[in-house]
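Just below is one structure, and these are the notes that go with it.
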Protein chains: 2
Amino acid sequence: MARASTTSDAFNAVAEPRRREILSYLAGSERPVGEIVAALGLEQPSVSKHLRVLRDVGLVRMRCVGRQKLYQTNAAAIRPLHEWAGTFERYWQHQLNRVKERAEAMARQGPVFNSPEPNPNLKSKEK
Amino acid sequence: MARASTTSDAFNAVAEPRRREILSYLAGSERPVGEIVAALGLEQPSVSKHLRVLRDVGLVRMRCVGRQKLYQTNAAAIRPLHEWAGTFERYWQHQLNRVKERAEAMARQGPVFNSPEPNPNLKSKEK
DNA sequence: ACATTACATTCCGATATAGGAATATGTCAA
DNA sequence: TTGACATATTCCTATATCGGAATGTAATGT
C-alpha cells in the first residue's frame, strides 16, 4: 500500500506547504486563481491542482463569477485539526512546567560558570 | 518531484492516521513498543517504522531500558501544528456568527413552514 | 466567428511512500 | 555459549504523489 491520498482528509491535504500557503492567503476573503498565482509565485496549473485537492476535502469553497472562479478558505474544515492538536496541550504545558521547575531548582543551587564553548547538547545551562 | 518526505516536518508525519493514534497513545506516559503493538493491533515492524518517522521529526522521544525501548510523545512538537490551525480560528468564528445571525434573522421574520424535503442546494431563502 | 482571457485537466517522469515477509541487531537468562 | 525476547531494518511491490509541459474548456470581447 502506498501513502494515503492527499484527498483522504484535511491532515493529508495540509501536509503540502504550498497548500498551507494557499489556505492562509484565502482565509480572509475570496480571490480568483490568478491572484493566487501572482501572490504566491506558483505556476497556474500547480495552483489549480492544489485547489482541486483542497476543494475535495472541503478546505476551500468555490464560486464562479464570469470567467473567473473565486476561492475562499473554509476555515471550519481546519477546526478538527486544531482540536486534535489541542488534545496535547495539557501535555506540553506539563513539559514546560517541568523544564521551568528544573531551571528554578538549578538556580537555587547557585550559578554555574560558563564553559568555554557552549555545547548545544548540554542542557545544563538553561536560565 | 514527488510528495514531500514524511520526515520533512510534523505536518507530513501526522498525515498518517496510525501515527496519530500512536501519538495519542504515547501522550500521557512512556510505553514500550510491544504495548503499542498490542494496544493498537498493528504489526510490530509497522509500529517500529512509524516510530522511526515520528522520532525523525521530533514527535516522540525514546529511552532504552534493558532490552526494551520506551517511547513517549513530545507534545511540544505538536504545538506548531496547533498554532497554525489556530490562525484560522477568528475566521471560523466569523462564519459561525454569520450562520447564527442568519438563523436569528429568520426567526424574527416568523416561523417558516417545513418544506417537504429540505434541499441544501437552495440558498434562495436567506433573509 | 475568432481571438483572448481564466482556469482545469492530462500526460509524463522521478520519487517516496505503507504494508508484508524475512532478516538483522541487541539484550538478558540459563 | 546458546537461546529467547524486544525491537529495528531491509527488500519487495503497488500506488500516489508533485512539478512541468502541453492541451482542453468555458466565458468574454470585438
Test of understanding: among B:32, B:45, B:17, which residue is within 15 Å of DNA strand D (Cβ to nearest atom) and in contact with a strand residue (DSSP E or B) (Cβ under 8 Å, 6 or more places away or on another chain)?
B:32
Would you pick out the residues in the range A:74-97 that are under 22 Å from residue B:17 (Cα atoms) and of a type outside the set (A, V, I, L, M, F, W, C)?
A:79, A:80, A:82, A:83, A:86, A:87, A:89, A:90, A:91
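If you take the residues of the range A:66-77 that are within 15 Å of DNA strand D (Cβ to nearest atom) and without any contact (Cβ under 8 Å) to a residue 12 or more places away in the chain, which of them is nearest to the other protein chains (Cβ to nearest Cβ)?
The selected residue is A:66.
Could you please let me know if residue B:28 is out of contact with any Leu (no Cβ under 8 Å at 6 or more places or on another chain) and at positive phi? First the steps, then the outcome.
Numbers: out of contact with any Leu (no Cβ under 8 Å at 6 or more places or on another chain): yes; at positive phi: no.
Here the answer is no, as residue B:28 does not meet what is asked.
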Show the residue pairs meeting these rules: Cβ distance below 6 Å; 6+ apart or different chains; first residue within the range A:1-26 and under 17 Å from residue A:72 (Cα atoms) and part of a loop (DSSP other than H, G, I, E, B); second residue of a type outside the set (Phe, Trp, Tyr) and more than 10 Å from DNA strand D (Cβ to nearest atom).
A:14/A:20; A:26/A:72; A:26/A:73
When every residue in the range A:78-99 that is under 14 Å from the mean Cα position of the chain (by Cα) and more than 8 Å from chain B (Cβ to nearest Cβ) is compared, the one nearest to residue A:54 (Cα to Cα) is A:80
Taking the range B:31-62 and the residues there that are in contact (Cβ under 8 Å) with a residue 24 or more places away in the chain and assigned to a loop (DSSP other than H, G, I, E, B), the one that is farthest from DNA strand C (Cβ to nearest atom) would be B:58
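Read-outs throughout are calculated quantities, based only on the coordinates presented, and are distinct from any laboratory measurement. These numbers come from a predicted model, not from an experiment. So basically every Cβ, Gly included, is an ideal-geometry build from the backbone, and we count neighbours across all protein chains shown.
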